[in-house]
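This report refers to the structure that appears directly beneath it.
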Amino acid sequence: MATTAPATRPANPRFSSGPCAKIPGFQLEMLADAPLGRSHRAAVGKNKLKEAIDLTREVLGVPADYRIGIVPASDTGAVEMALWSLLGARPVEMLAWESFGEGWVTDVVKQLKLDATVRKAPYGEIVDFKEVDFNKDVVFTWNGTTSGVRLPKADVIPADREGLTICDATSAAFAMDMDWSKLDVTTFSWQKVLGGEGGHGVLILSPRAVERLESYTPSWPMPKIFRMTKGGKIIEGIFVGETINTPSMLCVEDYLVALKWAKSLGGLKGLIARSEANADTVKTFIADKPWIANLAVDPATASCTSVCLKFTDPRIKDAAAFAKAVAKRLEKEGVALDAGAYRDAPAGLRIWCGATVEQSDVAALMPWIEYAFEAEIAAQA
Ligand SMILES: Cc1ncc(COP(=O)(O)O)c(C=O)c1O
């Protein structure tokens, strides 16, 4: 029983699942090279955008024949662009196991009004990929940020599929190994694993996705912000930094700083190692605690970024109120900010373990969770 407050506090209490903690040692002065007050179409701006695309390719190991574009409206914008531009050509399967995946289901079924096959798993579980028909277009979220459940490996996706795979990888990119040969469309935003800013999305297209864009025109109107083709041809400029509309060059600079930090760690391998070490710290801590558990039912699917925990003590009277009170106590103590479960998810805590979080901070937080838990059990009585 931890009834006295732990002696050590995390040096950085930022455990939010988005926007996530900035890179270690971040200071605004690091953005001094941002070409502020200049056109993003001037050489200086275009070069920055191109560098961001090139470094994204380098760090993530994206094949040379895949297009990478910086697009408006964060990850949501990138996903919507893909759904609206590509779907409708062939049957669709929508996979969801938490809130964001469910959002894409709603868009496709209710807004685009496509007669999709929908496969859903409850929070903590994942859909059975063996049942999925990859000759249809398949839309899924690699890591369910709100349930802490991820696709462990892409080997369940056949290489010879006829459909396209459209993957929302916003809380997976830069923290998980993604097999590009299995992904036709991949999206993410900067505000997650690299601790960047909101507002900008990244859209990665395989040659097969580009082929679809050039051979298929959806029956619905296409807003300018989603348009990736002109006269039946892909607009190549988008994929070398000629963005559809005006980006924030301050955010671009911030993303560049984070990408360079990622490179200094050894790239993707270094990022994954940091994230896995953080998640392992939580895993080790909860292993012998009967009152707390990972929301992920199968440990093989447990996320290394958005680690979701539930309280399992039978003494808890009101699960939602209890979890909220624990999160509030952690926040009040200044040891964990924004660590409550997502509003649509089961009651509990969500500890962001992405690469920008220091393992020493995760380790320092753990005893505080026990302390806050015991304090709330006592308060309840
Ligand atoms: C899986 C997933 N998809 C989409 C989003 C939306 O991202 P954005 O707000 O960057 O558009 C989030 C944000 O947390 C997410 O976790």
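The values are calculated or read from the model by the stated rules, or taken from the named source; none is laboratory data. All figures in this text were calculated on a predicted structure; none of them were measured in a lab. Ideal geometry is used to build each Cβ from the backbone, glycine not excepted, and the neighbour counts take in all protein chains shown.
Name the residue, out of 316, 351, that is in the same structural domain as residue 280 (by TED's automatic domain parsing) and either surrounded by 21 or more Cβ atoms within 10 Å (Cβ to Cβ) or touching a Ser or Thr at 6+ places or on another chain (Cβ under 6 Å) (or both).
The unique qualifying residue is 351.
For the stretch 195-210, which positions are within 12 Å of the ligand (Cβ to nearest atom) and in a loop (DSSP other than H, G, I, E, B)?
If the condition is that a residue be within 12 Å of the ligand (Cβ to nearest atom) and in a loop (DSSP other than H, G, I, E, B), then 196, 197, 198, 199 are the ones that fit.
Of everything in the stretch 328-346, what is in contact with a Phe, Trp or Tyr (Cβ under 8 Å, 6 or more places away or on another chain), under 16 Å from residue 374 (Cα atoms) and surrounded by fewer than 21 Cβ atoms within 10 Å (Cβ to Cβ)? Give them in sequence order.
Matches in the stretch 328-346: 333 only.
Give the residue that is surrounded by the fewest Cβ atoms within 10 Å (Cβ to Cβ), with candidates limited to residues of the stretch 177-194 that are within 13 Å of the ligand (Cβ to nearest atom) and of a type in the set (Ser, Thr, Tyr).
The qualifying residue surrounded by the fewest Cβ atoms within 10 Å (Cβ to Cβ) is 187.
For residues in the stretch 276-327 being free of Cβ contacts under 8 Å to residues at least 24 places away in the same chain and of a type in the set (Val, Ile, Thr), which is farthest from residue 147 (Cα to Cα)?
By that ranking, first place goes to 284.
Residue 293 versus (1) closer than 24 Å to residue 15 by Cβ; (2) in a loop (DSSP other than H, G, I, E, B): which is the lone unmet condition?
(2)
Quick check on my filter: what residues within the stretch 231-269 are of a type in the set (Gly, Ala, Ser) and touching a residue at least 60 places away in the same chain (Cβ under 8 Å)?
Residues satisfying the conditions are 241, 258, 262, 267.
Go over the candidates 59, 71 one by one and state the one that is hydrophobic (A, V, I, L, M, F, W, C) and either in a loop (DSSP other than H, G, I, E, B) or within 16 Å of the ligand (Cβ to nearest atom) (or both).
Only one candidate passes the filter, namely 71.
Would you check which residues across the stretch 76-86 are β-branched (Val, Ile, Thr) and either buried (at least 24 other Cβ atoms within 10 Å of the Cβ) or on the phi > 0 side of the Ramachandran plot (or both) and list them?
Of everything in the stretch 76-86, just one residue is β-branched (Val, Ile, Thr) and either buried (at least 24 other Cβ atoms within 10 Å of the Cβ) or on the phi > 0 side of the Ramachandran plot (or both), namely 79.
Looking at 64, 89 in this structure, which one is outside the structural domain of residue 336 (by TED's automatic domain parsing) and in contact (Cβ under 8 Å) with a residue 24 or more places away in the chain?
89
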